[in-house]
Amino acid sequence: MNGAESLVKTLVAGGVEVCFANPGTSEMHFVAALDKVPGIRCVLCLFEGVATGAADGYARMADKPAATLLHLGPGLANGLANLHNARRARTPIVNIVGDHATYHLQYDSPLTSDIEALARPMSSWVRTSKDARMVGADAADAISVAKSAKGEIATLILPANTAWTEGGVVAVVPPPMAAKPVPDEVIREVAEALQAGSAMLLVGGKALRHRALQLAAAIGLKTGQQVMAISRNPRIERGAGRVTIDRIPNPVEKSIDRFNALRTLILVDEDAPVAFFAHPGKPGKLTSATCNILTLAAASDDIVGALEALAERLGARVSDVPRQALTRPDIPTGALNLENIGRALGALLPEHAIVCDESITSGRTFFASTQGAPPHDWLQLTGGAIGLGMPMAVGAAVACPTRKVINLQADGSGMYTLQALWTQAREKLNVLTVIWANRSYKILHNEFSNVGAGQPGDKASSMLSLDNPALDWVSLAKGMGVEGVRVTTMAELTSALQAGVQQTGPFLIEVSL
């Protein structure tokens with residue numbers, strides 16, 4: 001058994017079932033091992049950013065890590081943007097990155113690079129296997145790190161000769177680091193702050209799952225304090241029968257309005273809120289200088305246990321919390337505008353759908369209009385590096401093949417990783433992609449003004465425009481093997497959405513805005 005075979009067998013034994021791959025020469029023995037060792041589904045991606053984004057979407061829905069297979073330092077670098085998003089989402093991923101044979105590095109051949117240095121900013125754990133005997137043990141450590149309560153990215157670098165050399169050993173994956181219980185004194189301090197008033201529970205991460213949201217809502221109801229989330233979350237379980245959570249609006253001015261009056265902000269698997277960017281004359285920190293910030297539970301803590309203890313201390317009961325009723329909007333008629341589009345989504349969203357939202361500016365109203373739809377999951381762009389939506393939909397569909405995945409996708413960010421459509425076609429994934437074709441980087445028009453740059457002239461306007469030539473998403477989808485349709489009226493969109501949610505396999509709708 002060579003090192004590559006021991007690696008694959010260790011991954012299988014450690015519960016890694018899917019590998020999103022874009023391999024090259026140095027990874028061929030790993031590819032061969034995938035042929036020889038059953039247990040891992042291999043999903044080919046035409047670009048490394050699709051592979052890493054798909055691994056993110058998969059793990060968000062499967063609650064366990066996928067592997068990626070990337071080619072040397074440049075391949076890893078191509079995938080770093082979506083690894084950044086995954087790190088912000090605290091998504092577990094095991095990256096396998098091939099490298100030159102150890103004895104070949106001395107020649108500094110064209111693809112040689114410092115892979116460890118490239119990996120470290122987006123990885124909690126980085127290791128280069130030294131020989132074939134250690135590959136299995138290194139893989140076991142990587143899996144354990146990824147599966148920790150916090151959810152982390154582990155990157156294992158596999159020199160080619162450690163993959164092809166005999167002597168590999170299958171390793172047992174050590175138990176991941178368990179979630180830490182929250183001390184009683186923290187529970188007491190938070191309870192007292194809530195009872196004192198002018199407080200908010202800001203929940204994120206795993207606290208946006210159904211059980212945790214029930215507890216947070218019960219605590220808010222009992223104490224009369226706010227429970228909110230930010231506007232970019234890894235996964236929210238929402239819809240009819242679940243607890244409704246409101247999000248803090250993204251523009252700085254509206255965010256500050258929500259935080260200004262607080263005496264205490266209590267974080268639950270979330271960070272203290274800050275502005276996305278610096279803007280002249282506007283604060284970077286969104287809470288006031290007098291606001292006391294407490295952490296009830298961090299990502300590595302027992303989040304549900306902490307909320308249960310807090311609810312018990314306060315006498316808050318989940319049974320008192322109202323559930324969201326099934327309240328679909330009527331199917332809209334009239335103009336094709338964002339308000340009507342949101343209503344159409346709320347009217348037609350299927351039960352147990354998975355929404356992968358990279359709508360950017362177009363989708364700010366869609367969240368509210370879909371809250372009364374049947375139960376569903378809502379996945380968002382967590383790290384701000386655009387180009388996640390389509391790959392995330394790939395991973396979510398691989399993780400949950402019986403559920404409809406709906407990708408709400410801005411056209412500019414969609415172009416970063418449109419190769420994901422090819423993988424959707426190849427794997428026959430149940431994904432409906434809806435493109436908001438406003439033919440511009442619309443958000444940058446707003447930011448141009450927000451940073452005080454004035455009004456864009458001809459050159460600046462051309463840098464924000466995607467209409468010369470206009471993108472033809474139906475043709476792009478067809479070239480990738482995905483059926484598509486362009487709609488220009490509300491009636492056409494309604495008809496296309498009805499067909500799209502019923503269709504098995506990938507389908508794309510280009511909405512001309």
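Which FRET efficiency, nearest 0.05, do LEU44 and ASP271 yield, Cβ-Cβ r, R0 51 Å?
0.90
About its Cα centre, what dipole magnitude does the chain give when the only charges are +1 on Lys and Arg Cβ and -1 on Asp and Glu Cβ, stated in debye to the nearest 20?
Roughly 860 debye for the chain.
Test of understanding: express the Cα radius of gyration of the range 1-96 as a ratio to 2.2 N^0.38 Å, with N the residue count.
Rg over 2.2 N^0.38 Å, computed on Cα atoms: 1.00.
Give me the one-decimal nm value for the distance between modelled label points at LEU464 and ARG120, 7 Å along each residue's Cα-to-Cβ direction.
Once both label points are built, they end up 3.9 nm from each other.
Name the residue from THR155, ILE187, HIS210 whose Cα lies farthest towards the positive end of the charge dipole of the range 134-223, charges +1 on Cβ of Lys and Arg and -1 on Cβ of Asp and Glu.
HIS210
At what distance in nm do the modelled label points of ASN292 and TYR107 sit from each other, each positioned 7 Å from its Cα along Cα→Cβ?
6.6
Structure shown: which of LYS64/LYS428; LYS36/LYS150; LYS180/LYS404; LYS130/LYS206; LYS282/LYS404 lie over 30 Å apart, alpha-carbon to alpha-carbon?
Over 30 Å Cα-Cα: LYS36/LYS150; LYS180/LYS404; LYS130/LYS206; LYS282/LYS404.
What FRET efficiency, computed as 1/(1 + (r/R0)^6) with R0 = 22 Å and r the Cβ-Cβ distance, is obtained for ARG188 and LEU221, rounded to the nearest 0.05?
It comes out at approximately 0.65.
Evaluate 2.2 N^0.38 Å with N set to the residue count of the range 3-164, then give the Cα radius of gyration divided by it.
That ratio works out to 0.91.
Counting other C-beta atoms within 10 Å, which of SER26, SER300 has the fewest, and how do the rest follow?
Result, fewest neighbours first: SER300, SER26.
Can you sort THR504, THR494, THR68, THR361 by how many other beta carbons sit within 10 Å, fewest first?
By the 10 Å Cβ count, ascending, the order reads THR504, THR361, THR494, THR68.
Working from the alpha-carbon coordinates of the range 338-512, get Rg over Rh, Rh being the Kirkwood radius.
Ratio value, two decimals: 0.97.
Which log10 I(q)/I(0) values does the chain give at q = 0.12, 0.13 Å⁻¹ under the Debye formula, counting every alpha carbon as one identical point scatterer?
The computed values of log10 I(q)/I(0) come out as -1.15, -1.29.
At 0.36 nm per residue, minus the direct Cα-Cα distance, what do ARG426 and VAL169 gain on full extension? Give it in nm, one decimal, please.
89.1 nm
Under the rule of at least 5 residues apart or a separate chain, name every residue whose amide H is placed under 5 Å from the amide H of ILE293.
Result for ILE293 returns LEU265.
Whole-Hz Karplus ³J(HN,Hα) for the range 397-403, in order, using 6.51 cos²θ - 1.76 cosθ + 1.60 and θ = phi - 60°, x for Gly and Pro?
Listing the rounded values in order: 5, 5, 5, 10, x, 8, 9 Hz.
So how much slack lies between ALA335 and LYS36, counting 0.36 nm per residue of separation and subtracting their Cα-Cα distance, in nm?
Taking ALA335 through LYS36 to full extension adds about 102.0 nm, to one decimal.
Measure out, as a whole number of angstrom, how far apart the alpha-carbon centroids of the range 92-115 and the range 127-185 sit.
18
Once the piece of chain linking LYS285 and ARG133 is laid out straight, how much longer is it, given 0.36 nm per residue of separation minus the C-alpha distance between them?
Net length gain for the segment: 49.8 nm.
Once both labels are modelled 7 Å past Cα along the beta-carbon direction, what's the ASP63-THR25 spacing in nm?
My value for the distance between the label points is 4.5 nm.
None of the figures in this text is laboratory data; all of them are computed from the coordinates on show. Every value quoted in this text rests on a predicted model; they were computed, and no experiment measured them. Positions of Cβ are generated from backbone atoms using ideal geometry, with glycine treated the same way; all protein chains shown enter the neighbour counts.
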